[in-house]
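S.K.: Structure incoming, see below.
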Amino acid sequence: MVDKRNNTQKKQKADTTALLSVVVPIYNEASSLSEVLTELAPYCRSRNWNLILVDDGSRDTTPSILEQYKDIPGVSILRHKVNRGYGGALKTGILEAGTPYLVTIDADGQHVLSDIDELLKFTLGEDADLVVGKRGKQGRSGLYRGIGKWLIKKFASLLMPIHISDLNSGFKLYRTDLVRRYLFLCPDSMAFSDVIALIFIKKRHLVLEHPIHIKQRSSGKSTITTFTAFQTLMEIINIAMLFNPLRIFLPLSVLCIGFGFVWGIPIMLQDRGVSVGAMLAIVTGLLFFFIGLIAEQLSSLRMGLLDSSEGHSKANEEEK
């Protein structure tokens with residue numbers, strides 16, 4: 001649950017004439033937070049941007065550091081009483097943004113603030129719906145994590161066409177109205193970054209990349225683990241099941257049926273009867289096929305509801 005007192009402060013301080021909101025999810029970042037906010041808060045204020053800081057149930061001295069910024073105009077401080085996860089913190093910040101555009105950045109001090117200006121300029125120039133900050137060589141992780149990211153991207157590309165190379169970059173600039181529509185489809189975990197980009201791509205919004213700079217992390221350590229990668233893979237499968245389930249079930253069906261024929265035909269040609277194993281593989285393939293058809297019908301119904309809600313949202317925005 002979000003602290004209502006902080007939420008009220010936010011409504012009093014928000015500048016509805018601002019073009020951009022900067023959303024920063026924070027969890028146990030006390031070691032670097034003071035240095036980051038000392039630069040970030042005046043930077044946003046000088047550009048008339050709103051700054052939304054979401055404390056995701058931190059158990060270190062993060063709340064006391066944020067308390068120092070509660071009375072600064074344009075700065076909103078929201079707090080979860082318990083940790084919801086990276087995606088959960090982003091959702092809270094995104095829902096509180098009252099500007100046409102918003103950008104999400106991390107609180108670890110690795111981002112260069114001038115890149116926000118570059119992404120905003122690029123977004124306005126290209127009329128993009130989502131711009132992903134593409135990390136260069138400085139942002140490359142170790143071999144283990146690098147292999148994990150490569151596998152996730154390759155796996156995702158098997159399920160849907162992808163033209164973005166840095167899916168899990170936390171530095172993204174969105175159209176606020178669009179990202180809000182799809183929040184209910186996104187997880188509260190670290191997989192949020194990958195999933196929201198895939199949703200925008202699948203819904204055929206204009207998704208582009210723009211290079212950003214990455215600084216070395218001065219303190220603290222990343223919370224991304226092998227389990228995070230597993231969660232991301234599962235969420236990608238969930239999204240594929242939502243948008244295009246036959247992309248999963250049809251290959252499985254063809255594989256099982258093909259295996260059944262390859263296994264069973266030689267046995268039949270030898271007059272040894274019908275192989276039970278081959279029949280089982282063929283029946284399993286048929287089951288996968290029919291389950292895929294049913295899932296495709298359910299997906300069409302859910303997408304119809306989503307498109308309908310988008311139409312209502314657009315109509316409400318035009319009335320306003």
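The values are calculated or read from the model by the stated rules, or taken from the named source; none is laboratory data. Everything numeric here is computed off the predicted structure, so don't read it as measured data. When we count neighbours, we look across all protein chains shown, and the Cβ atoms used for this are built from the backbone with ideal geometry, even at glycine.
S.K.: I need the full set of residues from the stretch 204-237 which are modelled with pLDDT of 85 or more, closer than 19 Å to residue 108 by Cβ and part of a loop (DSSP other than H, G, I, E, B), in order please.
M.R.: Within the stretch 204-237, the subset modelled with pLDDT of 85 or more is 204-214.
Then drop every residue that is not closer than 19 Å to residue 108 by Cβ, which leaves 212-214.
Of everything in the stretch 204-237, just one residue is modelled with pLDDT of 85 or more, closer than 19 Å to residue 108 by Cβ and part of a loop (DSSP other than H, G, I, E, B), namely 213.
S.K.: Between a first residue in the stretch 33-48 that is under 13 Å from residue 116 (Cα atoms) and a second residue that is assigned to a helix (DSSP H, G or I) and of a type outside the set (Phe, Trp, Tyr), which pairs have beta carbons less than 8 Å apart while being 6 or more apart in sequence or on different chains?
M.R.: 47/117
S.K.: Counting just the residues of the stretch 171-203 that are part of a loop (DSSP other than H, G, I, E, B) and under 11 Å from the mean Cα position of the chain (by Cα), which one comes out nearest to residue 110 (Cα to Cα)?
M.R.: First, pick out the residues of the stretch 171-203 that are part of a loop (DSSP other than H, G, I, E, B): 171, 182, 186-191, 203.
Subsequent filtering for residues that are under 11 Å from the mean Cα position of the chain (by Cα) retains 171, 182, 186-191.
Details: 171: 10, 182: 27, 186: 25, 187: 24, 188: 22, 189: 20, 190: 17, 191: 20 Å.
Applying the filter and picking the extreme gives 171.
S.K.: Name the single residue that is modelled with the highest pLDDT among those in the stretch 114-166 being among the charged types (D, E, K, R), surrounded by 12 or more Cβ atoms within 10 Å (Cβ to Cβ) and farther than 30 Å from residue 99 by Cα.
M.R.: 153
S.K.: Based on this model, can you work out whether residue 60 counts as surrounded by 21 or more Cβ atoms within 10 Å (Cβ to Cβ) and either without any contact (Cβ under 8 Å) to a residue 40 or more places away in the chain or not assigned by TED's automatic domain parsing to the domain that holds residue 170 (or both)?
M.R.: Values: surrounded by 21 or more Cβ atoms within 10 Å (Cβ to Cβ): no; either without any contact (Cβ under 8 Å) to a residue 40 or more places away in the chain or not assigned by TED's automatic domain parsing to the domain that holds residue 170 (or both): yes.
No.
S.K.: Next up: Return the pairs, sorted by first residue and then second, in which the second residue is surrounded by 11 or more Cβ atoms within 10 Å (Cβ to Cβ) and not hydroxyl-bearing (Ser, Thr, Tyr), the first residue lies in the stretch 251-280 and is assigned to a loop (DSSP other than H, G, I, E, B), the beta carbons are less than 7 Å apart, and the residues are 6+ apart or on different chains.
M.R.: Filtered contacts from the stretch 251-280: 274/264; 274/268; 275/263; 275/264; 275/267.
S.K.: Take the residues in the stretch 181-211 that are in contact with a strand residue (DSSP E or B) (Cβ under 9 Å, 6 or more places away or on another chain) and of a type outside the set (A, V, I, L, M, F, W, C); name whichever of them is nearest to residue 93 (Cα to Cα).
M.R.: Per the stated criteria, the residue is 193.
S.K.: Identify all residues within the stretch 63-74 that are part of a helix (DSSP H, G or I) and touching a residue at least 40 places away in the same chain (Cβ under 8 Å); write none if there are none.
M.R.: Filtering the stretch 63-74 for residues part of a helix (DSSP H, G or I) gives 63-67.
Answer for the stretch 63-74, where residues must be part of a helix (DSSP H, G or I) and touching a residue at least 40 places away in the same chain (Cβ under 8 Å): just 66.
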